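Only the coordinates and a few stated rules stand behind these numbers; no lab work does. Just so you know, these numbers come straight off a predicted model, no measurement behind them. Cβ placement follows ideal geometry from the backbone for every residue including glycine, while neighbour counts extend to all protein chains displayed.
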Amino acid sequence: DEGTSRGLARATTADMELVLRAVFGDAGPIRITATPLPEAMAGDVRRPLIILLAAVVLLFITATANVASLQLARATTRRREIAIRSALGAGQARVTRQLLVENLVLGLGGGAAGLALAVALHRAIPTLLPADFPRLQDLSLDGFVIAFAVAMSVAGSLAIGLAPAWSTRRLNLVESLSEDGTAPAGAGWRSRPARARMTIMAGQVAIACLLLVGASLLGRSFLALVDADRGFDPSSTLTARLQLPGFALTTERRAAIVDAVLERARAMPGVTAASYSDGPVLGTFGGAALTIDDTRVQASTRTVTPGYFAAMGIRFSGGRDFTNDDLVSGRAVFIVNRTFAREYLQPQPIGQVVRSRFWREAEQAEVIGVVDDVRHAGVTEPASPEMYFYRSSPRMSTSPILIVRTAGDPLAFVPTLRGLARQEDASLVFDSVMTLEERVMTTLARPRLYATLIVAFAALALIIAAVGLLGVLSYSVSQRSRELAVRSALGARPPDLVRLVVRQGLLIVAIGAGAGLLAAAALSRSMATLLYGLTARDPVTYAAVPAILLAVGAAACLAPALRAARTDPLRVLKGN
């Protein structure tokens, strides 16, 4: 099980640490992470998928409840019909079977439409999901999925049909046959069927409230991720990979091309900085285990050329950038981030000369600068020690990443850059051309997907709840027409009738919103790990969601309330 897997993972981590300490000694930190196999296969999407599955179930429940409420109201108006059938010999089992079959046809029709929509969406799913989404290739509409859809359609149909069937179990034939069909007995708003419909309606509002809270939290968390400080400025920056035919060019020719393209890019009007990186701009890249002054060090490494930090918008907290003089002098220099300096180079990192075995045996290397921590892997990940090395063009890879910071729209420089590459060599191409902001948004593909889906589910639940409230109140007004006419005849003004209907609707909304907020607070812990920049019990969210529900509820109450205000007491009391 999951607990056993995590226990074994912890044991494996401890064993690996013992082995490495036996090999390398106790000097320096050893960072090891062991992950249970199910968690490694599902990645970090397991909890979000469970939450989204729960949202789908809630949406299914609220849609089913909405139809059940309408069918319950319809069953009240069919009391005379059902009474006639019973008087002609139809037993309770036969009436129940008839109602269930009617709803089964409705449910299976809806299930078939939903399955057809799923088939259409299945082709688009790979393009909608992030490319690194785990098990994406295993998605298929197989027999199990179809059987599950059919089972859910049947279950929903039975749930919808049981409510009206249960309401007719104690039907009074004499009383029902004497009704004229305009105001069934027991149809008042305090009757049992009316209370059942209002309870269902309050439940729908509670589900909509719960989903709205989740949507608000994930949506605001996503916006916080977009605006988060990653240690660099992604605005007005273009990134592109320069593809070099490595085996077709000599080392000298490749170096000349790389240098020429970089210098031409720097000379372009509107370009403020340009540089190369020998690996991905974002995400983890490279790593080193080295010894500094007899201390074992683990750090991520990046190979760059001068101007990299200006092109990326990375701030220096001390020291300077690489220069061409560093290459000419032949000195071993490097730049570190704040975390590296804090852990290994205290008290004064700038100018510190360390004895390292990373480049060559016992080589002296000088720290010339300290930059802010850059969260390449995402703002939710803690900063790790990082080292930046200077590499000359001949030692760059055959596909270096060109980073260009501009004074205007970076995409406007793409045609010029492609032309510069073709001028140097007809075989050169730029691919993976993206702005740095687009690359940042790519790293946020999963949070954006989760937020988009839960917002869509919440919007659907809100629409269903609003339509359900409109239907319940409209039916209530139609069944209370005599009561409203009597009130009007006794002196009630149209505004009084409007307030009566609106108060009834807002009471349902308030009860449902209160229940939804309590449920959201109880389930908030499950969403805590998916949020950034706010807590799962964010007060702004818990204040805004009820306000939205009350506003939508008031709008849904408007049409029935106006209908009640236009009641003609004389016509209604005469029965016309």
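Our analysis of the range 104-150 gives Rg over Rh at 1.07, with the two radii drawn from alpha carbon positions and Rh computed by the Kirkwood formula. Based on the Kirkwood approach, the hydrodynamic radius assigned to the range 489-528 is 12.5 Å, with every pair of different Cα atoms included. Share of Cα-Cα pairs in the range 195-254 beyond 17 Å, in percent? Across the range 195-254, Cα pairs with separations above 17 Å total 71 percent. Once the C-beta distance of L223 and R135 is scaled by a Förster radius of 22 Å, the resulting FRET efficiency is 0.15 to the nearest 0.05. Computed over the range 389-521, the range of Cα coordinates on each principal axis works out to 95, 32, 24 Å, biggest value leading. Take 498-505, 318-325, 207-214 and order them by the average number of nearby Cβ atoms within 10 Å per residue, most first; the result is 207-214, 498-505, 318-325.
Stretching A555 away from I61 to a fully extended chain increases their span by 175.5 nm, per 0.36 nm per residue minus the current alpha-carbon distance.
Computed over the range 508-576, the quotient of the alpha carbon radius of gyration and 2.2 N^0.38 Å is 1.80. Phi angles of the range 410-424 translate, via the Karplus equation with coefficients 6.51, -1.76, 1.60 and θ = phi - 60°, into HN-Hα couplings of x, 5, 5, 8, 4, x, 5, 4, 4, x, 4, 5, 5, 5, 6 Hz per residue; Gly and Pro are given as x. Based on the Stokes-Einstein relation at 25 °C and a viscosity of 0.890 mPa s, and on the Kirkwood radius from alpha carbon pairs, the range 450-510 is assigned a translational diffusion coefficient of 182 µm²/s. Sort the range 291-340 into rounded, prolate or oblate with this rule: let a ≥ b ≥ c be the square roots of the eigenvalues of the Cα gyration tensor; rounded if a/c is under 1.5, and if a/c is not under 1.5, prolate when a/b is larger than b/c, oblate otherwise. Here the range 291-340 falls in the oblate category. For the range 208-327, the calculated P(r), taken from all Cα-Cα distances in 10 Å bins from zero up to the bin holding the longest distance, is 10, 28, 30, 18, 10, 4, 1 percent.
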